[in-house]
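Some notes on the structure that comes next.
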Amino acid sequence: MIPVIRQLNIYPLKSAKPIRLKEMEITQSGPRFDRQWMLVKSNGQFLSQRTHPNLGQIQPTLTKEALILSAGGQKDLEIPIDLLMTETIEVSVFGKSAKALRLGETYDQWASDYLKENVHFVFSHEGGLRETSGNHGPKTPMHFSDGYPFLLTNRTTLEVLNKKLSSPISMDRFRPNIVIGTEHPDAEDNWESFEINEIPFLPVKACSRCKVIDIDPTTGKEDKEVSQTLKSYRRKDGKMVFGQNLIHQGTGTISVGQPLERIRFKPSPY
């Protein structure tokens with residue numbers, strides 16, 4: 001069975017709900033619009049579901065003109081794609097600093113009202129991109145992703161986990177950009193490189209998981225069964241892992257239904 005793309009997702013607002021795509025535009029910095037907006041504290045420190053699980057209840061919608069955010073009890077917020085922003089502030093995501101553009105008071109107030117604390121709404125522009133660490137593969141530009149511009153997961157790998165849980169969970173717990181289907185679980189752990197629509201991708205690091213996988217994206221409630229189960233059988237370097245962080249070496253588009261081609265496998269350790 002040839003590995004095939006089953007789902008494509010972007011997360012325009014970091015830690016909010018995904019937008020499902022049939023076709024994804026790949027730019028120099030990763031999927032277009034992925035994690036390009038973010039909420040930060042007054043000191044520039046990023047916010048995520050790790051500390052603010054209700055971020056996961058914000059639903060984004062993209063039109064040609066705007067990003068629209070919907071959240072319970074709030075009037076929808078419309079952010080023009082071409083919004084003029086002039087104030088630059090320094091932000092930090094896991095110790096990596098970047099220059100971001102502040103959207104302004106109106107947008108800050110919407111987010112502050114929802115989270116019930118004072119926050120700033122920021123935007124990642126092409127002049128303020130962060131980079132991957134370079135510890136795993138070449139340095140690659142990205143917006144506000146945790147550490148890499150893409151995360152790939154496998155439906156068959158999730159099926160193995162679900163058989164171990166009291167109730168099955170959806171792939172949304174793992175917040176991937178690319179979801180594939182393969183014949184064998186964990187197949188993605190053994191790949192050194194592959195191409196989709198002639199765009200090269202490098203799986204550079206198994207994705208270590210945090211408490212976000214215990215948060216039900218439909219309710220915002222936390223249950224530690226998922227992480228406890230994952231820890232019992234999927235560990236690397238002392239951390240539970242699920243999915244592969246990717247870097248890319250080209251631009252273009254990829255689509256649901258397209259195969260992964262020219263797969264190269266990691267050298268055998270034996």
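The values are calculated or read from the model by the stated rules, or taken from the named source; none is laboratory data. Note that this is a predicted model, so its numbers are computed, not measured. Cβ: placed from backbone, ideal geometry, glycine included. Neighbour counts: every protein chain shown. For the accessible areas, the whole protein counts, side chains as well, though only heavy atoms, and no ligand, DNA or RNA atoms are used. Shrake-Rupley method; radii C 1.70, N 1.55, O 1.52, S 1.80 Å.
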Loop-located GluC sites (Glu not before Pro) in the stretch 1-95, at most 16 other Cβ atoms within 10 Å (DSSP): 65, 87
Per residue accessible area of the chain, 1.4 Å probe, in Å²: 48 Å²
Extension gain (nm, one decimal) between residue 167 and residue 81, 0.36 nm per residue minus Cα-Cα: 27.0 nm
Tensor-based shape of the stretch 91-204 (alpha-carbon gyration tensor, a/c under 1.5 rounded, otherwise prolate or oblate): oblate
Shape call, the stretch 29-172: gyration tensor on alpha carbons, a/c limit 1.5: oblate
Using a Förster distance of 45 Å, the FRET efficiency for residue 1-residue 105 (Cβ separation, nearest 0.05): 0.25
Between the stretch 84-107 and the stretch 140-176, the alpha-carbon center distance in angstrom: 28 Å
Heavy-atom accessible surface of the stretch 85-186: percent carbon and sulfur, 1.4 Å: 46 percent
Gaussian network model of the chain, springs between alpha carbon atoms under 10 Å - residue of 107, 11, 233 with greatest fluctuation: 233
Alpha-carbon centroid distance for the pair the stretch 108-137 / the stretch 253-267, whole angstrom: 31 Å
Most mobile of 124, 166, 227 in a GNM of the chain (Cα contacts under 10 Å): 166
Sparsely packed trypsin sites (Lys or Arg not before Pro) within the stretch 1-73, loop by DSSP, other Cβ within 10 Å at most 12: 22, 64
Label-point separation in nm, residue 20 to residue 218, each point 7 Å along Cα→Cβ: 1.4 nm
The stretch 177-208 and the stretch 1-65: distance between their alpha carbon centers, rounded to Å: 19 Å
Qualifying GluC sites (Glu not before Pro) in the stretch 190-270, DSSP loop, other Cβ atoms within 10 Å at most 14: 198
222 nm mean residue ellipticity, helices alone, for the chain (DSSP H n ≥ 4; -39,500 (n - 2.57); rounded to 500): -3500 deg cm²/dmol
Carbon plus sulfur fraction of accessible area for the stretch 1-41, probe 1.4 Å, in percent: 47 percent
